1. Going by the conditions given, is B:Arg213 basic (Lys, Arg) and facing chain A (nearest Cβ under 8 Å)?
2. Condition (residue is of a type in the set (A, V, I, L, M, F, W, C), more than 11 Å from chain A (Cβ to nearest Cβ), assigned to a loop (DSSP other than H, G, I, E, B) and crowded, with 19+ Cβ neighbours inside 10 Å) applied to the stretch B:227-242: is it met by at least one residue?
3. Is it fair to say B:Glu54 is over 17 Å from B:Ala85 (Cβ atoms), outside any loop (DSSP other than H, G, I, E, B) and of a type outside the set (A, V, I, L, M)?
4. May I ask you to verify whether B:Arg169 is over 20 Å from the mean Cα position of the chain (by Cα) and among the basic types (Lys, Arg)?
5. Looking at the structure I just gave you, is A:Glu125 without any contact (Cβ under 8 Å) to a residue 40 or more places away in the chain, charged (D, E, K, R) and within 19 Å of A:Val172 (Cβ to Cβ)?
6. Could you please let me know if A:Ile61 is at negative phi, of a type in the set (Val, Ile, Thr), part of a helix (DSSP H, G or I) and modelled with pLDDT of 85 or more?
7. I'd like the full set of residues that are crowded, with 16+ Cβ neighbours inside 10 Å and either at pLDDT 90 or above or over 60 Å from the mean Cα position of the chain (by Cα) (or both), limited to the stretch A:38-52.
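The values are calculated or read from the model by the stated rules, or taken from the named source; none is laboratory data. What you are looking at is a predicted structure, and each value in this text was computed from that prediction instead of being measured. Cβ coordinates were reconstructed from backbone atoms using ideal geometry, including for glycine residues, and neighbour counts include every protein chain displayed.
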Amino acid sequence: MKKTKAVILDRSGNVYSVLTEDGSFRTVRLHEGREVGEAIELKEGRLAWSAWMSAAALLLIMITAAFSWLSQKDATTVAFLSVDINPSLELRLDANSLVRGASGLNADGETLLEGLSVKGKGSGEVLALLVERAIQLHYLTAEHPWVVLGASSEGMTPALPLSGLADTVSQVGEKHGMSVNVAAFQLTAGEEHEAKAKGLTPGEYGLWLSAQKAGLTLPEGAVKDSSERVRILSQEKVQAQVQAEKGTLKLGQSDRKAGSYGSGASKQDKAGVPEQPSGRIDNELKKDGEQRAGENKGAVDPLNSVQKNQLEGIPVFQGDPSKGIINGQTNTNREQKTHDPEQNSGWKGEEDRENSGLGGKPGQKQGEKSDIGEQRKSDDAADSPVQKGKGQGH
Amino acid sequence: MGFPFGEDGEMPDWEEPRFWEELMANRQVREDCLTASQPFVLHVAGQVCGRHLEWGRDEELSEAIIAFNVALDHFELGKGVPFLAYARLLIKRRLIDYFRRQERHQALPLEAPEVALAAELQVSVADFCDREQNRERASEIQEFALELKQYALSFSDLIEVSPKHRDTRESLQRAALQLAGDPILWAQVEQKGKIPMQALANLTGLHLKVLERGRKYLLAVALLIAHKHHYIYLREYVLPQERRAAR
């Protein structure tokens, strides 16, 4: 701290006129009695400046700390995503859906994570890596084709897009020629707490809850076993319950291929025409559906078809032809769809997907009538592959 | 001269250690120094006597130059005391003693306390304590205040107009140094009581507005610098940074 030398020129009470060493004439307040002619060292001038500088520096530090705290807060975990295959693991996500950390919840989970760098990557990217690895390591097989996702993302707004993550898993499966099924559950804070209390992952707890509601009586630990999970998830009533309760159930490509493309796609398959990439088919179907929405309106009675399927005991799923997401939005929606009675999958329009699942009304149950479903009756009918087939007049 | 004295060819740089080495080793340097310092000795002796003195006519000047020579012998560099202040004190004390010896002390123009101290002729630099330096400074301040008054200025005025910005202040200090160092311009100041602004602007290269705005400060600083034999302490506070002696 620099002190300024000064000489006292004049005095009035404790206010002194001084000449400082830099040639400034100024007044200072001194509490000690000084005489004219005395050389003094001023601390006030420089000190005051220093004090201001210190205050500014302190303020800067505080602002920096606040920003750092805020950014830290942003980088802190606000959501958990559990992935249960046979390996079970948990991803910790920040508010931007970036993975802040991952940990294996069993030995296989740790094996799956071994050597993977996940921090800072997007949740979808990490999930794709994990599924790919699970396929390579034969955790995901034809016998064990299920991936159970569970999210507790109460601290995240908007909630983690589970349907998108389910798509990712499915696409990775398709890439490896595998039919991977996904069941995804979004837990509330209360359910998350309950899951922890029971020692289950969010995915396991979501499945257990759905199974319970579907009328299955099983111990909590059952959902921890991958074979048991496959058995539970294979049951139609559980699938129906999963759709009804938590919204995201995605079946693999093989199931969807047979069922979701409806009569038009089926006809091609049956005729031995090589299968087109699903995306392209989906797009074409969608385009055709849109074009023929008007002319095909009322061409078929999908309600009868659905009812027939239900009568035959085949679970009815609705989904997106391109995304293949199946959900339990409403029975009304379901009633708009055609369905291949030989397959356990179905699909519905793109917009329905957006209005369903996580994006839908959480309290809506099967049997309740959806306004959206009502509004979209004609569109849905137009989208129907059955209608398309008939409309084409083949 | 055997030693490169100050830039203006007058007194040497008293803060230069080499000068003091030369002074002790070379008699010619001392002679040159005494010659160069005659104006200072004349000024101080004149102050003490309260009248104009002349070399060869007034014995007081002989006493004063002896005192100055003693100051050269006893001065210690680096003690925080300006040599000229020390020399001035010794000159004053020697002259007071001289007056006593001449039994003319009743005619002394000095204050009583100063006279009382005059008995101590040999004052070491260490003895030149803060109290005495304060008294010296106070004396300079008092005279400076009186001089300012002649130009209708006061310390309050200077506080009010003192440039807050360092660059402006230093520019004005340099301008004041040039003004005080220019005999023609300075003579105009002393005669008319005003600064020849246009001429100074031409000399310094500073904008006329800058000089006008800092007129009072400029004049005060120029007064301190111009009277270099008088404001030994105060001028050190207003000299441009590059011209200041280490204090």
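1. Details: basic (Lys, Arg): yes; facing chain A (nearest Cβ under 8 Å): no.
The answer is no for B:Arg213.
2. yes
3. Numbers: over 17 Å from B:Ala85 (Cβ atoms): yes; outside any loop (DSSP other than H, G, I, E, B): no; of a type outside the set (A, V, I, L, M): yes.
For B:Glu54, the condition - over 17 Å from B:Ala85 (Cβ atoms), outside any loop (DSSP other than H, G, I, E, B) and of a type outside the set (A, V, I, L, M) - is not met.
4. Values: over 20 Å from the mean Cα position of the chain (by Cα): yes; among the basic types (Lys, Arg): yes.
Taking the combined requirement at face value, the residue satisfies it.
5. On the way: without any contact (Cβ under 8 Å) to a residue 40 or more places away in the chain: yes; charged (D, E, K, R): yes; within 19 Å of A:Val172 (Cβ to Cβ): yes.
Yes; evaluated as a whole, the condition is true for this residue.
6. Yes.
7. Scanning the stretch A:38-52 gives A:Glu38, A:Ala39, A:Ile40, A:Leu42.
Residues checked against (1) within 17 Å of A:Phe25 (Cβ to Cβ); (2) within 12 Å of chain A (Cβ to nearest Cβ); (3) under 22 Å from the mean Cα position of the chain (by Cα):
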| site | (1), (2), (3) |
| --- | --- |
| B:Asp157 | yes, yes, no |
| B:Gln178 | no, no, yes |
| B:Gln188 | no, no, yes |
| B:Leu208 | no, no, no |
| B:Leu218 | yes, yes, yes |
